[in-house]
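Beneath this line is the structure, given in structure tokens, with notes to follow.
The values are calculated or read from the model by the stated rules, or taken from the named source; none is laboratory data. Computed from a prediction, not measured in an experiment: that's the story for all the values here. Positions of Cβ are backbone-derived with ideal geometry, glycine not excepted, and every protein chain shown enters the neighbour counts. Surface areas here come from the heavy atoms of the whole protein model, side chains and all, with no ligands, DNA or RNA. Shrake-Rupley method; radii C 1.70, N 1.55, O 1.52, S 1.80 Å.
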Amino acid sequence: MRAPRLPVTLTFMSDEGSNNPQIVSDRTTIITKETDTQKRDMARAKDTAACLIIVRGTPQGERFFITQDGMHIGRDPAVEISVADPSISRKHVIINKKDGEIVITDLGSSNGTFINEKKIEANNPTQLHKEDMLRTGNTIFKYLPAGALETLAWENLGSAAHTDPMTRIYNKGFLLDALESEFKRAKALHQEFSVLFFDLDHFKKINDGYGHDAGDYVLKEFTSLVKTSHLRPKDIFARYGGEEFVVLLANTAAKAAQDIAERIRAAVEAHAFIYEGKRLPVTTSMGVAELNATVESAQTLLKAADKALYTAKQTGRNKVVVSS
């Protein structure tokens with residue numbers, strides 16, 4: 001018979017810069033020291049509120065933090081957790097805190113509310129537990145309690161999936177999904193909805209004359225200017241591609257959308273884009289399109305805004321044109 005094998009542990013030694021494994025003991029070394037990243041993540045997670053994350057529906061991966069009593073889920077744009085899903089009632093459920101726990105109450109919704117695919121009674125508060133799946137209409141949320149480390153993982157996944165890496169605004173993929181949802185919601189509820197389509201004038205000249213680093217600076221500065229100063233919290237701002245951008249404006253008619261576009265245009269023209277001590281010539285042309293009875297699809301609406309943008313560029317640039 002073979003002699004029994006003694007357990008060994010491979011430990012990486014750092015003497016003289018060597019990383020060669022050496023057998024040093026028959027006891028397993030316990031790692032007790034956390035890395036700085038782990039410490040930061042644990043600290044951040046400790047401070048996070050309970051949240052609901054869309055795992056099926058639009059926008060997938062979106063997190064909604066439960067920060068107060070009386071938060072509603074519904075398709076009404078005015079509620080705290082507004083979801084573009086026509087199968088959800090205007091005010092579908094209400095979320096409250098009870099004895100430190102999160103409870104939800106179905107408000108007599110048309111299609112009911114389900115936890116882990118079990119229907120809950122209307123007007124009967126029901127407690128949520130970690131990783132419960134909450135279904136309202138065709139949208140499914142995952143529940144994570146306060147302090148859950150997994151909440152940060154969803155943050156990273158959502159960021160990678162939905163965000164343009166350079167400008168840190170939404171990317172084209174997210175935009176097209178959101179456009180479809182917002183269009184359907186506005187159609188179903190007979191609400192106003194407008195789209196801005198714009199790009200930077202003569203952007204190629206900036207790249208050719210000052211270099212691509214200057215072009216990257218302009219894109220970042222431009223998006224920061226628009227995002228932080230001229231859009232409302234629920235407006236969806238995305239990079240369509242290159243120097244082209246789109247803003248989705250829910251509950252906004254053409255005239256109000258035109259006013260927003262004009263403020264953005266004027267702000268860009270007045271802003272000092274300074275790169276390596278030189279002020280760069282940056283302006284933007286913008287097209288506006290509004291949902292009306294003749295618009296058949298979300299893509300039709302986007303194309304109408306794009307066509308208005310083309311008109312703005314062909315008639316002098318640095319201007320706003322509203323689709324007819």
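Being more than 22 Å from residue 172 (Cβ to Cβ) and in a helix (DSSP H, G or I) is the filter here; which residues of region 191-236 pass it?
Residues satisfying the conditions are 205, 208, 209, 210, 213, 214, 229.
Conditions (1) touching a Lys or Arg at 6+ places or on another chain (Cβ under 8 Å); (2) at pLDDT below 90; (3) open to solvent by less than 60 Å² (accessible area, probe 1.4 Å), marked per residue:
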| residue | (1), (2), (3) |
| --- | --- |
| 70 | no, no, yes |
| 78 | no, yes, no |
| 91 | no, no, no |
| 111 | no, no, no |
| 128 | no, no, yes |
| 143 | yes, no, yes |
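Search region 148-170 for residues being modelled with pLDDT under 85 and assigned to a loop (DSSP other than H, G, I, E, B), and hand back the single one that is most open to solvent (accessible area, probe 1.4 Å).
Ranking the candidates gives 168 first.
Of the conditions (1) under 24 Å from the mean Cα position of the chain (by Cα); (2) assigned to a helix (DSSP H, G or I), residue 247 clears all except one; give me its number.
(2)
What's the number of the condition residue 293 fails, among (1) part of a helix (DSSP H, G or I); (2) open to solvent by 70 Å² or more (accessible area, probe 1.4 Å)?
(1)
Restricted to region 121-136, and to residues that are under 15 Å from residue 66 (Cα atoms) and in contact (Cβ under 8 Å) with a residue 24 or more places away in the chain, which residue is nearest to the chain's Cα centre (by Cα)?
134
Go through 308, 304, 298 for me and flag whichever is of a type in the set (A, V, I, L, M), surrounded by 18 or more Cβ atoms within 10 Å (Cβ to Cβ) and touching a helix residue (DSSP H, G or I) at 6+ places or on another chain (Cβ under 8 Å).
Among 308, 304, 298, only 298 is of a type in the set (A, V, I, L, M), surrounded by 18 or more Cβ atoms within 10 Å (Cβ to Cβ) and touching a helix residue (DSSP H, G or I) at 6+ places or on another chain (Cβ under 8 Å).
Of the conditions (1) open to solvent by 20 Å² or more (accessible area, probe 1.4 Å); (2) on the phi < 0 side of the Ramachandran plot, residue 276 fails just one. Which one is it?
The failed condition is (2).
I'm checking my understanding of the structure. Among residues of region 171-181 that are open to solvent by 30 Å² or more (accessible area, probe 1.4 Å) and closer than 22 Å to residue 75 by Cα, which one is modelled with the lowest pLDDT?
Only one residue fits best here, namely 177.
Just the residues that are free of Cβ contacts under 8 Å to residues at least 60 places away in the same chain and within 20 Å of residue 243 (Cβ to Cβ), please, taken from region 289-311.
Those that are free of Cβ contacts under 8 Å to residues at least 60 places away in the same chain and within 20 Å of residue 243 (Cβ to Cβ): 303, 307, 310, 311.
Kindly indicate whether residue 84 is of a type in the set (Gly, Ala, Ser), assigned to a loop (DSSP other than H, G, I, E, B), in contact (Cβ under 8 Å) with a residue 60 or more places away in the chain and under 20 Å from residue 187 (Cβ atoms).
Yes; evaluated as a whole, the condition is true for this residue.
Cβ contacts < 6 Å: first residue closer than 16 Å to residue 300 by Cβ and among the hydroxyl-bearing types (Ser, Thr, Tyr), restricted to region 188-199; second residue open to solvent by 10 Å² or more (accessible area, probe 1.4 Å) and assigned to a strand (DSSP E or B), any location; separation 6+ or different chain. Result?
From residues that are closer than 16 Å to residue 300 by Cβ and among the hydroxyl-bearing types (Ser, Thr, Tyr), the pairs are 194/290.
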